[in-house]
Amino acid sequence: MKHHRSILSMILISVFMSLMFTACGKKTDVAPAPFSELTWNTTYDEMVALEGKETNSYDSVYDGTTYAYKGNFLNHDGSIKYMYDDKEKLVCISWEYTAKSPEDLKKVYNELLEDLTDKYGESGYKSGNSTNSGNVWYRKEGNIILSSVSTKNINAILCSYLNPSVSSPEND
């Protein structure tokens, strides 16, 4: 009886160790953008299952299609854009906000900048003047770009999370 418990214990320990090592080696597929549940491996069909049938689509800058949905981020209503490339791979997840005024633009931009700086530190690239601002966080998990533009007709912010396959290194 004692011998059977030893064998059973050894088998259980072996199974446990095998599961532990295979789970530790497994790469998890996490959502790169805080305003979306999609991951870089999300297909079009999976996007539709999570977000619903798209309400607006158009050509993406990556030779594929961009799909737009309503989306809230940091308590601001905007739209979430999913850009696929010509191979139907998700390469960019963006949140776009249209501000009501230049003052609203500056306020929301600063909120986003503070949130990103708290999470990722200082950006590796900054630009700005009275009508346009931009920051880039260069990360091995994919770059993050925060930009704004203010004109007579529009005040807009775009916060984009890029797939590592389309991210540029910091010194480019």
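The values are calculated or read from the model by the stated rules, or taken from the named source; none is laboratory data. What you see is a predicted model; the values in this text were computed from it and never measured. Counting neighbours? That spans all protein chains shown, and the Cβs are built from the backbone with ideal geometry, glycine included. The protein model used for the area step is the full one, side chains on, heavy atoms only, and it has no ligands, DNA or RNA in it. Shrake-Rupley method; radii C 1.70, N 1.55, O 1.52, S 1.80 Å.
Here are the numbers for this structure:
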{"read-out": "Whichever residue in region 122-147 is farther than 17 Å from Asn110 by Cβ and among the small types (Gly, Ala, Ser) and, among such residues, is nearest to the chain's Cα centre (by Cα)", "value": "Gly142"}
{"read-out": "Residue match in region 113-129 (condition: under 29 Å from Thr43 (Cβ atoms) and crowded, with 20+ Cβ neighbours inside 10 Å)", "value": "no"}
{"read-out": "Out of Thr42, Thr65, sole residue that is out of contact with any Ser or Thr (no Cβ under 7 Å at 6 or more places or on another chain) and either outside any strand (DSSP E or B) or surrounded by 15 or more Cβ atoms within 10 Å (Cβ to Cβ) (or both)", "value": "Thr42"}
{"read-out": "Contacts under 9 angstrom Cβ, first residue in region 63-86 being touching a residue at least 60 places away in the same chain (Cβ under 8 Å) and within 17 Å of Glu46 (Cβ to Cβ), partner β-branched (Val, Ile, Thr) and assigned to a strand (DSSP E or B), 6 or more apart", "value": "Asp85/Val91"}
{"read-out": "Unique match (being in contact with a Phe, Trp or Tyr (Cβ under 7 Å, 6 or more places away or on another chain), at pLDDT below 95, open to solvent by 20 Å² or more (accessible area, probe 1.4 Å) and acidic (Asp, Glu)) among Glu54, Glu141, Glu103", "value": "Glu54"}
{"read-out": "Test: Trp40 is in contact with a strand residue (DSSP E or B) (Cβ under 7 Å, 6 or more places away or on another chain), under 19 Å from Ala156 (Cβ atoms) and in contact (Cβ under 8 Å) with a residue 60 or more places away in the chain", "value": "no"}
{"read-out": "In region 87-110, the residues that are touching a residue at least 60 places away in the same chain (Cβ under 8 Å) and not basic (Lys, Arg)", "value": "Leu90, Val91, Cys92, Ile93, Ser94, Trp95, Glu96, Tyr97"}
{"read-out": "Candidates Lys89, Lys152 - the one that is of a type in the set (Lys, Arg) and at pLDDT 95 or above", "value": "Lys89"}
{"read-out": "Test for Asn155: is it more than 20 Å from Pro34 (Cβ to Cβ), out of contact with any His (no Cβ under 9 Å at 6 or more places or on another chain) and either open to solvent by 30 Å² or more (accessible area, probe 1.4 Å) or of a type in the set (A, V, I, L, M) (or both)", "value": "no"}
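Let's see how each residue does on (1) under 22 Å from Pro169 (Cα atoms); (2) in a strand (DSSP E or B):
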position	(1), (2)
Ala49	no, no
Lys53	no, no
Tyr69	no, yes
Ile93	yes, yes
Glu96	no, yes
Lys106	no, no
Leu113	yes, no
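Each row is one residue, and each column tells you yes or no for (1) without any contact (Cβ under 8 Å) to a residue 12 or more places away in the chain; (2) more than 19 Å from Phe35 (Cα to Cα).
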position	(1), (2)
Leu112	no, no
Asp118	yes, no
Glu122	yes, yes
Asn129	yes, yes
Ser133	no, yes
Trp137	no, no
Gly142	no, no
Ile145	no, no
Val149	no, yes
